[in-house]
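Inspection log for the structure reproduced underneath, given as structure tokens.
Bear in mind that the values in this text are calculations on the coordinates, not laboratory data. Computed from a predicted model, the values in this text were never measured in an experiment. Glycine also receives a Cβ, built like all others from the backbone with ideal geometry; neighbour counts cover every protein chain displayed.
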Amino acid sequence: MIGRLNHVAIAVNDLDKATALYRDTLGAQVSAPIEQPAHGVTVVFIELPNTKIELLAPLGAGSPIAKFLEKNPDGGMHHVCYEVDDILIARDRLKAQGARVLGDGEPKIGAHGKPVLFLHPKDFSGTLVELEQV
Ligand code: CO
């Protein structure tokens, strides 16, 4: 059912430092920071030959990554995003197997302008999973 790994998201407190790490130490192509107020994050996209890394830093009060960064002040892997052809079919299949979909269970428009859903980390080996319809 799942297809390509669309991205791995890494939450950080210091976006400039993490961007420099990827650009200068690891030699990757990095974007300028993009504020996404609707998602409560500022994002830097890192294009790798086979996938993307997204650096997420909190933006504004009540950012959805604030709690994660309280527990992980040095930053850490926040979620993985897998591509699916049809997000509603994927959701219904997962729910039928007992997986919990976060929020109200309806897809939202994600950081790339496409429908996304998040699955409970406790149901997926301790990893927050994002599904994106491509
Ligand atoms: Co994501």
(Q) One residue is enough: does the stretch 46-59 have a residue meeting the conditions crowded, with 17+ Cβ neighbours inside 10 Å, over 28 Å from Arg100 (Cβ atoms) and touching a strand residue (DSSP E or B) at 6+ places or on another chain (Cβ under 9 Å)? (A) yes
Q) Taking the stretch 1-51 as the search range and keeping residues that are farther than 20 Å from Asn72 by Cβ and among the basic types (Lys, Arg), which one is farthest from the ligand (Cβ to nearest atom)? A) Arg23
Q | Residue tally, condition under 13 Å from the mean Cα position of the chain (by Cα) and in a loop (DSSP other than H, G, I, E, B), over the stretch 52-69 | A | 2
**Q.** Answer residue from the stretch 77-134, given it is of a type in the set (Val, Ile, Thr) and in a helix (DSSP H, G or I) and is surrounded by the fewest Cβ atoms within 10 Å (Cβ to Cβ) among those
**A.** Ile89
Q: Could you please tell me which pairs satisfy a Cβ distance under 8 Å, a separation of 6+ or placement on different chains, a first residue in the stretch 52-71 that is among the hydroxyl-bearing types (Ser, Thr, Tyr), and a second residue that is more than 11 Å from the ligand (Cβ to nearest atom)?
A: Ser63/Gly40
Q: May I ask you to verify whether Val80 is within 16 Å of the ligand (Cβ to nearest atom) and touching a residue at least 60 places away in the same chain (Cβ under 8 Å)?
A: yes
(Q) Quick check on the stretch 87-98. Is at least one of its residues under 22 Å from Ala11 (Cα atoms) and either within 11 Å of the ligand (Cβ to nearest atom) or not aromatic (Phe, Trp, Tyr) (or both)? (A) no
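Answer with yes or no whether Ala32 is under 17 Å from the mean Cα position of the chain (by Cα) and over 24 Å from Gly103 (Cα atoms).
No, not satisfied.
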Q) Could you list, in sequence order, the residues of the stretch 14-70 that are of a type in the set (Asp, Glu) and over 22 Å from Gly126 (Cβ atoms)? A) Asp14, Asp16, Asp24, Glu35, Glu47
Q. Considering only the stretch 3-45, how many residues are surrounded by fewer than 16 Cβ atoms within 10 Å (Cβ to Cβ) and assigned to a strand (DSSP E or B)?
A. 5
